[in-house]
Amino acid sequence: MPELPEVEATRRLLDPAMRHARFERVLLRRANLRRAFAADFADRVTGATVLEVGRRAKHLLLPLSTGDTLLMHLGMTGDFRVEHRGRPAGELDPAALDPHDHVVFEMSSGCVVTFNDPRRFGAMDLLTPAERASHPTLTGLGPEPLARTFTGTTLARACAGKRTSLKVALLDQCVVAGLGNIYAAEALHLAGLSPRRLASTIATPGGAARPSAERLAVAIKAVLRRAVARQTRARYRSDEFRVYDREGEPCLTPGCPGRITRVVQAGRSTFYCRACQH
Ligand SMILES: [Zn+2]
C-alpha cells in the first residue's frame, strides 16, 4: 500500500510532465478502476490544461483550467509511468501497452503519462468546484505533516483529551493527514516515545505542547522527508526502516541495548523498542 512518501514521489514524477501542459488525448482502456469513470471523463479532460500537480494526504489533486479537479488515488498497486512521445499525439501503438495500463494521457509537454494498476483499487474522479469543496475524503483531513504549519503545537492540540494510544492517534486522518502505519512507528521510535502511551500525554491539560509533542513533530517530518528523498531517487524501492518489520532485531538507537518488539494495536502491527521508547 503506497504511503505518503510514495505518493509525494509520484507527484514529483508527474509535475514536470503535466503542470501547465494540456491533455491532447485521453485514452481509457476500460470503464472502471475501483469505481466506474464518469461517462464524460475523457471529453471533460481532453483540451484542459493542468494548473498544478498537488497532493493532499495520499491523494493527487490536479486543478484544471476548466474548473474541474482531477482527483487520483494509487490504491494498492497503482503506479504512473512517464515517457517522452517522439511522435504526434493519437498515434499510440496499443501493442506497446501492458494489459494493466488502464489510462493513457498524451500531454502537450510531449510526455505520455500512463496509469498501470494490476489490482485496480486506484481511482480517478473528476470533481466540480462544489464537489471538491464537499468531497467526503478531502474534508475533515488534518494538517499535512510536511507543511511548515505542522508543529508540536498542532499535534498536541489534536491529541489533547484523546483516550487512545499515541500510535492509534497518529493513524487518525484528523490528527495528521496521510501518515500510515509504517511511518507512525518509525517516527515514534525516532522520538523515543512509546506507541502505547496515551495520546493525551504529549499535551498539557490546557492542550499546549509538551516537549514530547515537539520531538514527535520533528521526528514525523524527518522520517517522511528521508523517505520522500529515497522514493524520488528510486521509486518503490523498499525503505530501510528503524523498527518496521524488524521484530527481534537490535534497536538502532545509539547505545540502546534493546531489541524491536511487535505488538498489535487496533488490528495493525506496531514495531517498537521497549528499552528506549517511553
Ligand atoms: Zn531502543
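The values are calculated or read from the model by the stated rules, or taken from the named source; none is laboratory data. Predicted model only: the values in this text are computed from it and were never measured. Here the Cβ positions follow ideal geometry from the backbone for every residue, glycine too, while neighbour counts run over all protein chains shown.
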Query raised in the report: Looking at C276, is it surrounded by 18 or more Cβ atoms within 10 Å (Cβ to Cβ) and either in the same structural domain as R11 (by TED's automatic domain parsing) or more than 25 Å from the chain's Cα centre (by Cα) (or both)?
Result: yes
Report summary line: Residue set P211, P205; condition closer than 16 Å to H278 by Cα and surrounded by fewer than 16 Cβ atoms within 10 Å (Cβ to Cβ); output residue P211
**Report entry** Members of the stretch 4-27 that are out of contact with any helix residue (DSSP H, G or I) (no Cβ under 6 Å at 6 or more places or on another chain) and either among the hydroxyl-bearing types (S, T, Y) or outside any helix (DSSP H, G or I) (or both)
**Finding:** T10, R19, H20, A21, R22, E24, R25, L27
Query raised in the report: Scanning the stretch 210-261 for residues that are among the small types (G, A, S) and assigned to a loop (DSSP other than H, G, I, E, B), which turns out farthest from G180 (Cα to Cα)?
Result: G255
**Report entry** Top-ranked residue of the stretch 245-262 - restricted to ones that are touching a residue at least 24 places away in the same chain (Cβ under 8 Å) and farther than 15 Å from L193 by Cα, ranked as nearest to the ligand (Cβ to nearest atom)
**Finding:** R246
Query raised in the report: Being surrounded by 17 or more Cβ atoms within 10 Å (Cβ to Cβ), outside any loop (DSSP other than H, G, I, E, B) and in contact with a Gly (Cβ under 9 Å, 6 or more places away or on another chain), is that true of even one residue in the stretch 39-55?
Result: yes
Requested in this report: Exactly one condition in (1) over 21 Å from R268 (Cβ atoms); (2) buried (at least 18 other Cβ atoms within 10 Å of the Cβ) is not met by V223; state its number.
Outcome: (1)
Report task. Answer yes or no as to whether F271 is within 16 Å of the ligand (Cβ to nearest atom), at pLDDT below 95 and not basic (K, R). Result -> no
